[in-house]
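Working notes, beginning with the structure itself.
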Amino acid sequence: MRETKQNSLGRGEGPVPEPGELAPLVAWYRERRRDLPWRRTRDPYAIWLSETMLQQTRVETVIPYYERFLAQMPTVSSLAEATEDQVLTLWSGLGYYRRARMLHAAARHMVREHDARLPEAPMQLRALPGVGRYTAGAVASIAFGKREALVDGNVARVIARLFAIRGDVKAGKGSARVWAIAERLVGEVLEPPGDWNQALMELGATVCAPRDPSCEACPVASPCRARALGLERQLPMITPKRPPVEMRRVALVLASESSVLLARRRKEALFGGLWEPPAADETGEPGAALARLAKRLGVESRALHAVGEVEHVLTHRRMRVAVASGPLGRRRRWPLPSEEYDAIEVVPLRRISGYARASLVGKVLGMAGLARRLAKPARAGLRSGLP
């Protein structure tokens, strides 16, 4: 007998899909799936790396980073042996840098505790730094064939529509219900769990889109409760995000024809461990932050000139950075710009791709007219250590 649920409004949702009715999804996935590099391997390390990189990041953005990272750090051991600076350099521009630090910490943990291999047991995976419920489920099911569920944004959207879940699927009871359904399905379907989980993700990424689902192309449109109720464009219900907090900063680009001054942010700071032109929060009177920064570095303010402003949007912050530039001069030693930094160095422009930096730095240097003189990231080499 097919199960009938009550929704939050007290009306019967009608019969919900049974696992057997969703079986066409895996056949569709095997026929229509995108050819992605991490789908060509069963190497647990490569799968773990891809799942970490894909968190909150688009597939097309991840592919070159994934391939470059694997080429230079192809094993758990090689990742564990690298310095954090080398790891962050390969990650530069991908964002969410805590993921890179946790990836590095997890590799070192595996060398100590698991003979430099990813453990198969989901609970042991969850014990690794940076590995949460989703990543553990992905690695366990895809790499090791374990019947473990996973829920990301795509899977939550697919399940919310298939089962007509009307609560917020990203929080509270709605999230708990999505996970419960995902766990029941992966336990009951006859297909390999890795293929099943990837099929759910692929459907959400390519067909069951957030705003305009292509129901006519969906292999499980028939049992979909949202479609039956005419709610496919209303579900899932998600609480609107808070607008990002605005931050204003000033950055000082001191450069010559061949070099630029960069400072490294302390680990505990925003963009921790990454290199950038010296910068400071813009507080007080206009121009005051730049004057303080110039004084700290021992630079004459009259030698500087404003070149423009760049904007950089993070998940919870919108940064507006006023950019000023000036001559680098011939000094060999530079003081730290502020407590936000722990190192400072004159960097040859041809070597800048070997320094870990956020994509914001490219915008700042571009505003200062240095974009054409920067080395291309695709050919970046890794420095052997820190200054």
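The values are calculated or read from the model by the stated rules, or taken from the named source; none is laboratory data. Quick caveat: nothing in here was measured; it's all calculated off a predicted structure. Backbone-built Cβ (ideal geometry, glycine too); neighbour counts: all protein chains shown.
Test L261 against the criterion of being touching an Asp or Glu at 6+ places or on another chain (Cβ under 9 Å), more than 20 Å from V245 (Cβ to Cβ), of a type outside the set (S, T, N, Q) and in a strand (DSSP E or B), and give yes or no.
Numbers: touching an Asp or Glu at 6+ places or on another chain (Cβ under 9 Å): yes; more than 20 Å from V245 (Cβ to Cβ): yes; of a type outside the set (S, T, N, Q): yes; in a strand (DSSP E or B): yes.
The answer is yes for L261.
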query = Which one of these does A116 not meet: (1) of a type in the set (G, A, S); (2) modelled with pLDDT of 95 or more; (3) on the phi < 0 side of the Ramachandran plot?
reply = (3)
note = Restricting the range 109-140 to residues that are of a type outside the set (A, V, I, L, M), within 21 Å of the chain's Cα centre (by Cα) and buried (at least 16 other Cβ atoms within 10 Å of the Cβ), the one nearest to F271 (Cα to Cα) turns out to be G130
request  = Give the residue that is surrounded by the fewest Cβ atoms within 10 Å (Cβ to Cβ), with candidates limited to residues of the range 21-76 that are within 23 Å of R112 (Cα to Cα) and of a type in the set (G, A, S).
outcome  = A46
message = Quick check on E18: is it acidic (D, E) and either surrounded by 15 or more Cβ atoms within 10 Å (Cβ to Cβ) or touching a Lys or Arg at 6+ places or on another chain (Cβ under 7 Å) (or both)?
response = yes
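Yes/no per residue for (1) without any contact (Cβ under 8 Å) to a residue 24 or more places away in the chain; (2) in contact with a Gly (Cβ under 9 Å, 6 or more places away or on another chain); (3) under 20 Å from A209 (Cα atoms):
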residue	(1), (2), (3)
P129	no, no, no
G153	no, yes, yes
A156	no, yes, yes
A160	no, yes, yes
P193	no, yes, no
request  = State all residues of the range 261-298 that are surrounded by fewer than 17 Cβ atoms within 10 Å (Cβ to Cβ), among the hydrophobic types (A, V, I, L, M, F, W, C) and over 23 Å from H316 (Cβ atoms); if no residue qualifies, say none.
outcome  = A288, A291
message = Checking E246 against (1) of a type in the set (D, E, K, R); (2) exposed (fewer than 13 other Cβ atoms within 10 Å of the Cβ); (3) in a loop (DSSP other than H, G, I, E, B), only one condition comes out false. Which one?
response = (3)
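Can you name every residue in the range 310-339 that is under 21 Å from A289 (Cα atoms) and within 24 Å of the chain's Cα centre (by Cα)?
Once the filter is applied, which keeps residues that are under 21 Å from A289 (Cα atoms) and within 24 Å of the chain's Cα centre (by Cα), the range 310-339 yields V310, E311, H312, R317, R318, M319, R320, V321.
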inquiry  = Tell me which helices (runs of 4 or more DSSP H) are completely within the range 138-235 and hold 1 or more residues being of a type in the set (S, T, Y), or say none if there are none.
reply    = 172-188, 193-206
